[in-house]
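Trainee: Take a look at this one; I'll ask things after.
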Amino acid sequence: MGRFTQITPEWQEWIIENLQRGCQAQSIVEIMIDKGFDPMFANAVVFHFSTSPTQRYAEAEKGASDAN
């Protein structure tokens, strides 16, 4: 069975919220892997959002409002 290599808006929001709450990136990655994400993908996604969570959050919000 393949591992997930795409992220939904819900997972994106969950990652950002947890990073903003101060959760450790590694614990977020471990949860994602437990939920079926590919380990390399999970690490890359969390790293992406952890480099600038505020900026990424703003981009996510803009994307969500553009979709409406």
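Trainee: For a quick check of your reading: which helices (runs of 4 or more DSSP H) sit entirely within the chain and have at least 3 residues that are in contact with a Lys or Arg (Cβ under 8 Å, 6 or more places away or on another chain) and either surrounded by 14 or more Cβ atoms within 10 Å (Cβ to Cβ) or modelled with pLDDT of 90 or more (or both)?
Mentor: Correct list: 39-51.
Trainee: Six or more apart or on different chains, Cβ atoms under 7 Å: show the pairs whose first residue is in the stretch 1-25 and more than 13 Å from F41 (Cβ to Cβ) and whose second is surrounded by 11 or more Cβ atoms within 10 Å (Cβ to Cβ) and among the hydroxyl-bearing types (S, T, Y).
Mentor: Pairs found: I16/Y57; L19/S50; A25/S50.
The values are calculated or read from the model by the stated rules, or taken from the named source; none is laboratory data. Keep in mind that what you see is a predicted model, and the values were worked out from it rather than measured. Ideal geometry is used to build each Cβ from the backbone, glycine not excepted, and the neighbour counts take in all protein chains shown.
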